[in-house]
1. Would it be correct to say that E175 is within 24 Å of K5 (Cα to Cα), part of a strand (DSSP E or B), open to solvent by 20 Å² or more (accessible area, probe 1.4 Å) and touching a strand residue (DSSP E or B) at 6+ places or on another chain (Cβ under 7 Å)?
2. Does D313 satisfy the condition of being open to solvent by 10 Å² or more (accessible area, probe 1.4 Å) and either more than 27 Å from A430 (Cα to Cα) or over 12 Å from the mean Cα position of the chain (by Cα) (or both)?
3. On the basis of being open to solvent by 50 Å² or more (accessible area, probe 1.4 Å) and either polar (S, T, N, Q) or within 14 Å of M262 (Cβ to Cβ) (or both), does N218 make the cut?
4. What tally of residues in the stretch 406-429 results from selecting those that are of a type in the set (S, T, Y) and surrounded by fewer than 13 Cβ atoms within 10 Å (Cβ to Cβ)?
5. Please identify the pairs in which a residue from the stretch 1-15 that is modelled with pLDDT of 95 or more has its Cβ atom under 8 Å from the Cβ atom of a residue that is open to solvent by less than 100 Å² (accessible area, probe 1.4 Å) and in a loop (DSSP other than H, G, I, E, B), counting only partners at least 6 apart or on another chain.
6. Just to be sure I understand, how many residues within the stretch 126-148 are farther than 17 Å from W78 by Cα and buried (at least 24 other Cβ atoms within 10 Å of the Cβ)?
7. Would you call L385 in contact with a Lys or Arg (Cβ under 8 Å, 6 or more places away or on another chain), crowded, with 17+ Cβ neighbours inside 10 Å and closer than 28 Å to D293 by Cα?
8. Please tell me if K228 is part of a loop (DSSP other than H, G, I, E, B) and buried (at least 16 other Cβ atoms within 10 Å of the Cβ).
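The values are calculated or read from the model by the stated rules, or taken from the named source; none is laboratory data. Fair warning: this is a prediction, and the values are worked out from it, not measured in the lab. Reconstructed Cβ throughout: ideal geometry from the backbone, glycine too, with neighbour counts over all protein chains shown. Keep in mind that these areas ignore ligands, DNA and RNA; they rest on the heavy atoms of the full protein, side chains included. Shrake-Rupley method; radii C 1.70, N 1.55, O 1.52, S 1.80 Å.
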Amino acid sequence: MVDYKSKIITVEKALELVQSDYQIVTGLGSSEGKAFLKELHTIADRVTNVTVNNCLPMDNYEFFANPEYKKSFGVDGWFYSPTLRKAHKNGNISFIPNNLHFAASKRFDHIHVNIYVGNGTYPDEHGFISLSLGNVYEKEAIDAADIVIIECNKKCPRTFGDVEIHVNDIDYIIETDYDIPEIPDAEPNEKDLAIGKYIAEYINDGDCIQLGIGGIPNAVAKSLYGKKNLGIHTEMLTSEMVKLAKAGVINGKCKQIHKGKMVAAFAMGTREMYDYMNDNPSICIMNGAYVNDPYTIAQNDNQVSINTSLEVDVTGQCCSESLGSIQFSGTGGQSDTAIGAQMSKNGRSFIALYSTAMVKNPATGEREEVSKIVCQLKAGAAVSLSRNDIHYLVTEYGIVNLKGTTIRERVEKIISIAHPKFRDELYQEAVKLGIIYPRD
């Protein structure tokens, strides 16, 4: 057994390493350094302008949630979670535009990483720690950092792929025993199930799939139990994928690369999923720069990408990450996976959304139903997937194939799956704006 005891320090000692103007990087989601971040605010009186680079943080940490500390700490985030959305108004939080497979390389060309802190397993008998639930950018951050701190936690599953790091390559260990953040299974509603059924009809035995998180992807997964020999090459491994693997639907036999493996850049889900991942050689957690590279994705034939959007215009532009100019989430791997799937032999890419949403009218204060299919995206909206890269678009009213279509064809097709009560209005507005002109 490799001796790692000399590297163990307390959280308090780790915080003593932080200096003003430092750039700290922490792991994505369930890989974040929870013990360190929970106490970071306690050194606010001696530091200024410390930036934490994070992605999808799971906890509402005091250092960024409390505006009292905004001169001491800021957050630059690759992907907003509800906690960052809420704290954004404090003025010390900013979004990093990115496509996931370039997130690390572009960011670390821009900043110097002083400290990396994230969680992982205890060292094994050979001295190797598993980064466990993710390597979207974590190993690249470790390579770039001056100081590397790992919170070793017995509750982290030991996973394989490209997540191993030797204890000699880290500087400090914090011993922890906190519960790993979980995401409960989202139960699909009636709209989710309708959309899931439409997409499932386009998924064939032997396909390799990528799913996001939420009601719609879960509904798709629940519609796949009659399929055979599916594979997984995905940005995020989810609980529903694990359930399909347990049921024998997913086995990866038909994949061209990493045959028999469920490949992902990170995993977030239930404790049941984490237990399934532990010491499971069929699960392969690899670098996000590799997993989400469209050229890697395209190496598997019959790759299917399924993502969601917040708003889509009648030409196919997808705003999947902002509400107008207000950042809501992030691009993540939407562009990566949509393009990679279409580069794949017989590949398919789906963007799904509800046809409407209930939105508060600022004039009346009442909630009213609005179309999520629009002629023009809201002012300041981020285009997460360009109209050049959309393939199938799905709502609870149907599915349309936009590949190779003209603007006129797109307008007609997309309006056909909008909520019926908005279809005439959308067509008339498209004519008024000059997007299309009547033939007669």
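1. yes
2. Numbers: open to solvent by 10 Å² or more (accessible area, probe 1.4 Å): no; either more than 27 Å from A430 (Cα to Cα) or over 12 Å from the mean Cα position of the chain (by Cα) (or both): yes.
In short, no.
3. Answer is no for this residue.
4. 1
5. K7/I170; K7/D171
6. Selection size over the stretch 126-148: 4.
7. Against the criterion (in contact with a Lys or Arg (Cβ under 8 Å, 6 or more places away or on another chain), crowded, with 17+ Cβ neighbours inside 10 Å and closer than 28 Å to D293 by Cα), L385 does not qualify.
8. On the way: part of a loop (DSSP other than H, G, I, E, B): yes; buried (at least 16 other Cβ atoms within 10 Å of the Cβ): no.
No, not satisfied.
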